[in-house]
Amino acid sequence: MQIEIPHYVVSVARILVKEGYKAYLVGGEIRDTLLGIEPHDYDIATDALPDVLVELFPKSIAVGAQFGTVVAIQQNSDGENYTVEITTLRNEEDYLQGRWPSKVTFVRNIEEDLQRRDFTINAMALDLSEKGIIYLEHTLVENEYALTHKHTYEFSLLDFYNGQEDLKNKIIRTVGDPMARFTEDGLRPYRACRFASQLGFTIEPNTFVAITKCLNVSAMVSMERVRDEFMKLLMKSAKPSIGLDLLRTSGLMQLFLPELVATTEIQQVIGHSFDVYQHLLRTTDLAPDIVKLAALFHDIAKPETATNDGHFYGHDQAGAELTEKIMRRLKFSNLEIKSVSNLVRWHMFYYPYNEKELQEINKTPTSEFDVPVEQTSSIEATEHKEDIKEVKFWSDGAVRRFIRRVGLENIEDLFALRIADATSEPISMWSPEEIVALQARISKVLEQDNALKIADLAINGQDLMTVCSLPPGELIGKTLNFLLEQVLENPNLNGKEELLSLAKEFIARENT
């Protein structure tokens, strides 16, 4: 088999072979190469024991010495580091907690090592031990180009489990007995769904049945591991809906995301062609990566907010709370939780532009147009556009409140979610002109250098304590929030004297 390999990977193999050890290229890079996908990571398997590897590669890191794994570090002429994971050939037995082998035996036969791997498409190897590799140093110059660029080599492909055939037929199949593979490692069923989604493959029937029978093992896998596979499925699949539905039909989704399972067959009789579950999957497929998780969760609370008249009042706010609960369970970071739940909270915004506004946008630079609008501070979402009885256009104050609540840094992501949500529904009344008009209004408001957050006010908490004799406490925050609301409606109030006067009146009312 001909394959392009970076020279720094070949250099690692050469060191092993020179010392009399075997070197095999293994893992997903062979699968990806055969599929025409450029690999990003390179793993080498060898019969050299871990302590030998540490000696041969002084700059290595023993990331899993008990399992025979070290990471060798190579440098180019500029000192930039490249890493290659090297693992001693091994067998694994007596798995604990659905994931970890309690007994690891080092072996010298590559076939024994490959038989412990998960799927046939991941159980192939290239034999880098062929004698020609030792002499490559005579034909390649050791410089930055040689170390960082790829060269084409011819090596023997070892395929004991018909991985090439399964790649050709687009099949995910375990190595050997699927029940044995899945009871060894409960994460493998999640990986089967992820690979099927990522590659556009199908799961071989016996392999899929085994997934449904090993849910008790998969239930023992840590939420962090499940989350990582779940996010790879979302981010690396052209159509995540394929993998998501495999997770649902296999029973795996019920183990970590029962809230999404609950959306199946929740009908939407107003303004929708699909039930909630199908709508969420369609929206996720259309959404850009940065908002895929918000797309999947944006209607997650519809089952609990459904009414008898076909509405889901308050599902945006309830959805934000449920999203936070789900993401905490899956061990996402606080920053990720805040970002996604915020998008879910505000995904129902509706901006009622008018024709004159669009005409001005089309013919006039954003910084110059001035569209008269009726004064209203309401930016509350409407469940369905056809429910609007009387259109009220946003005031500048309403736009400023929108920016404040959503966060200026989140607005483009919210627009992307709104577009995916609307375009996933064939009978949607939504028009992209809504986004164009609102973007222009936001640009106009931002040019006015308005206060959009408490830190932008002309006074602060210290001023309230000094001038208004307020003690430290909740009333300071309440007062500042009140002042910001006034300034959002009327930016001319953002002066020290004006704000202190308003603050004194507010504090007096609060203390009565």
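The values are calculated or read from the model by the stated rules, or taken from the named source; none is laboratory data. A quick note: this is a predicted structure, and the numbers were derived from the prediction, not measured. Reconstructed Cβ throughout: ideal geometry from the backbone, glycine too, with neighbour counts over all protein chains shown.
Based on this model, can you work out whether ASP275 counts as under 26 Å from the mean Cα position of the chain (by Cα), of a type in the set (Asp, Glu) and within 27 Å of GLU224 (Cα to Cα)? In short, no. In region 282-315, the residue that is surrounded by the fewest Cβ atoms within 10 Å (Cβ to Cβ) out of those that are in contact with a Lys or Arg (Cβ under 9 Å, 6 or more places away or on another chain) and not hydroxyl-bearing (Ser, Thr, Tyr) is ASP285.
Residues checked against (1) without any contact (Cβ under 8 Å) to a residue 12 or more places away in the chain; (2) under 25 Å from HIS279 (Cβ atoms):
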| site | (1), (2) |
| --- | --- |
| ARG418 | no, yes |
| ALA422 | yes, yes |
| TRP430 | no, yes |
| ASP463 | no, no |
| PRO471 | yes, no |
| VAL487 | no, no |
| PHE506 | no, no |
| THR512 | yes, no |
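Counting just the residues of region 295-351 that are touching a His at 6+ places or on another chain (Cβ under 7 Å) and among the charged types (D, E, K, R), which one comes out farthest from GLU409 (Cα to Cα)?
Applying the filter and picking the extreme gives LYS302.
In this structure, HIS151 does not satisfy being of a type outside the set (Asp, Glu), at pLDDT below 95 and either surrounded by fewer than 14 Cβ atoms within 10 Å (Cβ to Cβ) or more than 25 Å from GLU29 (Cβ to Cβ) (or both). Among the helices (runs of 4 or more DSSP H) confined to region 203-318, the ones with at least 1 residues that are among the acidic types (Asp, Glu) are located at 223-236, 240-250, 258-261, 276-286, 302-305. In region 71-87 there is at least one residue that is buried (at least 20 other Cβ atoms within 10 Å of the Cβ), at pLDDT 80 or above and among the small types (Gly, Ala, Ser).
Working only within region 303-355, note down all residues that are in contact with a Phe, Trp or Tyr (Cβ under 6 Å, 6 or more places away or on another chain) and at pLDDT 95 or above. Scanning region 303-355 gives THR323, VAL344. Restricting region 154-185 to residues that are buried (at least 20 other Cβ atoms within 10 Å of the Cβ) and of a type in the set (Phe, Trp, Tyr), the residue that is modelled with the lowest pLDDT is PHE155. Within region 48-59, the presence of a residue that is in contact with a helix residue (DSSP H, G or I) (Cβ under 8 Å, 6 or more places away or on another chain) and closer than 28 Å to PHE201 by Cβ is excluded. Out of all the residues in region 91-98, is one or more part of a strand (DSSP E or B), within 24 Å of GLU224 (Cα to Cα), small (Gly, Ala, Ser) and at pLDDT below 80? The answer is no, given that none of the residues of region 91-98 is part of a strand (DSSP E or B), within 24 Å of GLU224 (Cα to Cα), small (Gly, Ala, Ser) and at pLDDT below 80. Against the list (1) more than 30 Å from HIS298 (Cα to Cα); (2) aliphatic (A, V, I, L, M); (3) in contact with an Asp or Glu (Cβ under 6 Å, 6 or more places away or on another chain), the condition VAL445 fails is (1).
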